[in-house]
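Remarks on the structure that follows.
The values are calculated or read from the model by the stated rules, or taken from the named source; none is laboratory data. Computed from a predicted model, the values in this text were never measured in an experiment. Counting neighbours? That spans all protein chains shown, and the Cβs are built from the backbone with ideal geometry, glycine included. Remember, those area values only see protein heavy atoms, side chains included, never the ligands or the DNA or RNA. Shrake-Rupley method; radii C 1.70, N 1.55, O 1.52, S 1.80 Å.
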Amino acid sequence: MGGMEDTDPPLKRVKYPLEEPKIFLEDSSLTSSIAYSLGDLMAKSLLSQGDEEMLGSNGIIRKTEFVKIITNALYSLKYTKTGAILEDESGIPLHSLFVNEFMQQVVDGMWDDSLATLQKIDFIDENTFKLATFLIKEQKFLELLKIGNLDGALATLRNELVPIHINISRVHELAACIVAPFSGLSLCLLSQDAEVAKSRSKLLEKLQKLLPAAVMVPDRRLEYLVEQALDVQCDACEFHNTSTSELSLYSNHHCGKNKIPNQTLQVLRAHSDEVWFLQFSHSGKYLASSSKDQSAIIWEVKEDGQMSLKHVLTGHRKPVSIVSWSPDDHQLLTCGLEEVVRRWDVTSGDCLHVYEKNGIGLVSCGWFANGQGIFSGMTDKSICLWDLDGKELECWKGQRTLKISDMAVTGDGKKIISICRQTAILLLDREANYERLIEEEEVITSFSLSKDNKFLLVSLINQEIHLWNLDGEIKILAKYKGHKRTRFIIRSCFGGLEQVFVASGSEDSQVYIWHRDSGELIMSLPGHSGAVNCVSWSPANLQMLASASDDRTIRIWGLENQPNLMRGKAGQNNGAAIHNHSNRRV
């Protein structure tokens with residue numbers, strides 16, 4: 001930091017984390033007193049600036065603060081000369097003379113002089129001064145210790161740090177360095193750089209976060225305010241479904257409905273009978289589908305978004321009701337209708353293992369979070385867990401599931417969720433051996449767990465879908481209506497940016513999409529010629545949605561301005577959820 005030009009104020013070029021500065025103190029009572037005193041000081045500051053020139057259409061931006069923040073941004077961007085010119089032309093310095101002097105003294109290691117100067121700066125209360133003093137004296141101690149001056153370090157600790165009476169735990173750590181200098185040195189200098197200049201620069205960063213913003217403008221403050229404004233715009237955008245890379249500062253952000261999948265881009269026709277289930281892999285690279293034709297198909301998503309057939313998986317003797325991706329997407333489970341579960345290698349398409357139990361059919365399947373075990377609901381209403389080689393590890397008997405049953409396991413592998421009665425869902429905590437129930441008034445036909453395990457979509461026989469909160473108090477947050485369901489199991493899923501949309505199939509051959517939080521029906525998508533049984537939203541492409549239908553096809557939905565992909569044969573949760581289609585009728 002030495003040898004700076006006169007036009008380059010000290011430390012204006014130091015970069016800080018792009019977030020609201022925070023002071024982390026170990027003494028909570030001291031923290032509260034600082035917050036109170038700083039609030040009083042800042043309030044007095046605002047009152048004293050009542051005649052200051054204001055900017056903006058609403059007249060609420062203080063010109064002095066605005067110019068300082070711009071100057072700060074210029075220095076952060078390394079536009080040093082331009083920043084100095086702005087200070088000179090505007091007559092508004094980024095820092096006062098005392099602040100500049102204080103910063104230079106810290107850089108030069110003039111510890112006593114820096115504290116004397118700090119006392120001359122406005123808005124510094126007693127508690128803040130104590131904290132700043134501790135940081136400066138700590139730096140002095142560490143530098144003395146580093147050059148081997150143990151006597152000087154000990155004197156600093158005893159006579160300068162201990163009398164401050166704050167951060168006692170840190171004082172004990174520093175004292176340990178004196179007692180065992182060689183073993184403790186690494187602890188004390190853990191956050192210190194080899195070069196003194198860099199360690200002093202880090203000290204200034206800490207001091208900047210400690211001192212009021214009116215004294216030292218937080219670095220990159222303008223970037224923080226702009227990002228905050230963009231976040232507010234995104235939060236207010238009803239149909240927000242774009243990545244941050246598409247945001248612009250040139251205009252206010254707004255997503256229309258055209259950012260939600262609304263046009264058929266591809267029709268997949270490889271199944272020879274009704275398509276009952278489909279699910280994107282966790283990475284979004286693959287899509288798996290299962291059908292009444294007793295097969296499952298793995299589709300690969302190409303870079304241009306087009307689907308191509310990768311493997312047709314055969315071997316089941318009954319319709320394949322569901323599929324489930326392993327956590328790493330390298331393997332796939334398929335479940336025959338009250339039959340067996342098969343595990344497949346995604347790369348080769350080979351069947352690696354068949355899971356079955358004498359005299360009992362399997363009705364669902366899924367993976368545990370570590371990928372080292374699978375579980376399944378059984379026709380005897382039990383839930384069984386196997387290792388990959390087929391050895392039964394656990395089995396929960398009793399009415400843990402139904403023959404017509406969806407199941408899911410949370411991302412941490414601790415909780416199993418299943419339909420245990422026609423109107424109830426069981427939340428089974430494996431570790432705590434604890435059970436809770438979600439109870440509905442109508443018959444439950446299916447459910448879908450959100451990727452973050454915070455929400456559960458529950459489809460009911462009365463043509464409603466309920467959104468349940470699982471994070472904290474278990475309660476209904478929203479209800480979705482409009483789709484048709486009279487005979488078959490129709491599945492729904494979460495999707496879009498932060499899974500803020502809900503999509504569902506329907507017996508009227510359409511796909512329905514709602515806003516998750518408001519419950520508003522956004523659109524319905526016609527195209528299929530039979531009941532739409534299942535939908536899945538790509539976790540990788542926010543504008544890609546797949547639907548499976550009784551018309552034996554799979555439709556890939558995207559945006560209107562995307563080019564139509566070739567049609568013909570390739571021709572919901574994306575977590576560890578498992579499902580069963582039974583005989584499709586409820």
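Could you work out the percent of alpha carbon pairs in segment 399-532 separated by over 17 Å, rounded to a whole number? Value for segment 399-532 (Cα pairs over 17 Å): 57 percent. So which of 310/451; 257/285; 302/415; 68/130 end up more than 32 Å apart by C-alpha? Listed pairs above 32 Å: 302/415. Per the 1.4 Å probe, what fraction of the accessible area of segment 372-461, in percent, lies on carbon and sulfur atoms? Ligands and nucleic acids excluded, carbon and sulfur reach 42 percent. Find the centroid of the Cα atoms in segment 106-154 and in segment 253-269, then give the distance between the two in whole Å. What the calculation gives is 60 Å, centre to centre. Summarising the label geometry, the points placed 7 Å from Cα in the beta-carbon direction at residue 395 and residue 119 lie 8.1 nm from one another. Apply the a/c threshold of 1.5 to the C-alpha gyration tensor of segment 353-443 and tell me whether it is rounded, prolate or oblate. It is oblate, given that a/c is not under 1.5 and a/b is not larger than b/c.
With 0.36 nm allotted per residue and the present C-alpha distance subtracted, the residue 369-residue 230 stretch has 46.5 nm of extension available. With the whole protein complex present, residue 481 retains an accessible surface near 120 Å², based on a 1.4 Å probe. Applying both filters, DSSP loop and at most 14 other Cβ atoms within 10 Å, to the trypsin sites (Lys or Arg not before Pro) of segment 311-343 gives 317. Structural descriptor for segment 257-558: relative contact order 15 percent, calculated from alpha carbon pairs under 8 angstrom and at least 6 residues apart.
When 351, 420 are compared by accessible area at a 1.4 angstrom probe, the order from most to least is 351, 420.
Accessible surface ranking for 389, 406, 1.4 angstrom probe, highest first: 389, 406. Shape analysis of segment 257-558 yields a ratio of the Cα radius of gyration to the Kirkwood radius, Rg/Rh, of 0.93.
Normalised per residue, the accessible area of segment 257-558 is 37 Å², obtained with a 1.4 Å probe and no contribution from ligands, DNA or RNA. Shape verdict for segment 86-166, please, from the Cα gyration tensor: rounded (a/c under 1.5), prolate (a/b greater than b/c) or oblate. Verdict is oblate for segment 86-166. The length gained on full extension between residue 196 and residue 89, counted as 0.36 nm times the residue separation minus their Cα-Cα distance, comes to 35.0 nm.
Summing +1 for each Lys or Arg and -1 for each Asp or Glu among the other residues whose beta-carbon sits under 12 angstrom from that of residue 229 gives -4.
Multiplying the residue separation of residue 486 and residue 422 by 0.36 nm and removing their Cα-Cα distance gives an extension gain of 21.4 nm. Protection proxy ranking of 412-419, 218-225, 234-241, by the mean of other Cβ atoms within 10 Å over each peptide's residues and highest first, is 412-419, 218-225, 234-241. Could you please report the charge total around residue 478, scoring K, R as +1 and D, E as -1 over all other residues with beta-carbon less than 9 angstrom from its beta-carbon? Surrounding charge for residue 478 is +1.
Rolled with a 1.4 Å probe across the full set of protein chains, the surface gives residue 454 an accessible area near 90 Å². Using a probe radius of 1.4 angstrom, the carbon and sulfur fraction of the accessible surface of segment 95-216 is 58%. Using the alpha-carbon positions of segment 424-468, Rg (one decimal) and Dmax (whole number) come out as 11.5, 35 Å. Net charge in the neighbourhood of residue 551 (other residues with Cβ under 10 Å of its Cβ; Lys, Arg +1, Asp, Glu -1) is +1.
Annotation: residue 209 carries an accessible surface of approximately 80 Å², with a 1.4 Å probe and no ligand, DNA or RNA atoms counted. For segment 60-118, the alpha carbon convex hull comes to 92 Å³ per residue, rounded to a whole number.
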